[in-house]
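Written below as structure tokens is the structure these notes are about.
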Amino acid sequence: MAGAHTLFAGRLAYNASHQHGAPVYLAGLYGAFRIRFQPGAWISCRTAFVPAGLAHELDCGGDPIGVLYREPDAGARVLTGLMEMADGVEGALVSRAGDIFALRALFECRDACDWAGEAIADLSDFAAKRDDRPMDGRIARILAELRGCQDVQMSAGRLAASATLSSSRMQHLFSDAVGVPFRRYRGWLRMRSAIEAVVRGANFTGAAHEAGFADQAHFANAFRRTFGAPASRSLLGLRTPTASPPSGAGARVRQHEHPNRR
């Protein structure tokens, strides 16, 4: 996790129906995976873009997949610039092509956690498209304040007042701009905080309390709703990237990108 991005690259089997608090780009690192939006049939694809709040299932058969989230105020649809010849399905995009080489390089490189943060930011900026729906500046400031505050329980009313909005008006604008309600996005940030604590070495109980969950069970239930799999299985062996790569690391990722993006 680094700033506007959260990256997972590893093996997944099956993730039950779940909803993220931020847009996500999915890439099968060595082959296709299956995704399903309810109600609907399974779709085989190589890459997919799922907007925040859209419920979906994943079936990767235990194969490696890259999962890259980008926070809404960093440009909700920037990650679609990594896709090619995509089809729209229930507000998502799926494709049999797209950029998988950069994420595969991060998966294969043993020291990737030493430079992945800046390299991923470089990748998404390189692929950036202009969002056709600029975010309301008041909501962008609220998102920045929410992420920068250590108080994970910060209320909608307090943030609305800082933007000279009523709580109800702020929450309406927030849902429209971000794609999920305020409370769900606040829960997403809380989840990020808990995962970061686990990666640093905290046990699940300590991580849950540090991030503002009532207890470990509360955290476990929220994790399953967010990712469609149990935390006990999903968080084993995770590592976190450092902020700065060694010289040339960004270029090392970029050289694996699809030639059409040069």
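Readers should treat all values here as calculations from the given coordinates under stated rules, not as data from a laboratory. Source: prediction; values computed, not measured. Quick reminder, even Gly has a Cβ in these numbers, built from the backbone with ideal geometry, and neighbours come from all protein chains shown.
Values for this structure:
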read-out: Point-to-point label distance, residue 30-residue 55, nm (Cα→Cβ direction, 7 Å offset); value: 3.3 nm
read-out: Potential lengthening between residue 136 and residue 214 on full extension [0.36 nm per residue; Cα-Cα distance subtracted]; value: 24.8 nm
read-out: Net charge of neighbours whose Cβ lies under 11 Å from the Cβ of residue 93, counting Lys and Arg as +1 and Asp and Glu as -1; value: -2
read-out: Distance in nm between pseudo-label sites at residue 221 and residue 162 (7 Å out along the Cβ direction from Cα); value: 2.9 nm
read-out: Net charge contributed by nearby residues that have their C-beta within less than 11 Å of residue 204 (K/R +1, D/E -1); value: -2
read-out: Residues whose placed amide H lies under 5 Å from that of residue 89, excluding near-sequence neighbours; value: 94
read-out: Hypothetical label at residue 38: residues of region 216-236 whose amide nitrogen lies under 15 Å (7 Å Cα-Cβ projection); value: 224-229
read-out: Region 1-104 - percent relative contact order, Cα under 8 Å, separation 6 or more; value: 36 percent
read-out: Region 158-189-region 1-46 distance, computed between alpha-carbon centres (Å); value: 26 Å
read-out: Förster-model FRET efficiency, 25 Å R0, residue 63 and residue 149, C-beta, rounded to 0.05; value: 0.05
read-out: Residue-wise HN-Hα coupling along region 218-226, computed from phi with Karplus coefficients 6.51, -1.76, 1.60 (Hz; x: Gly, Pro); value: 4, 4, 4, 5, 5, 4, 5, 5, 7
read-out: Net charge of Cβ neighbours under 9 Å - reference residue 59; Lys, Arg +1; Asp, Glu -1; value: +1
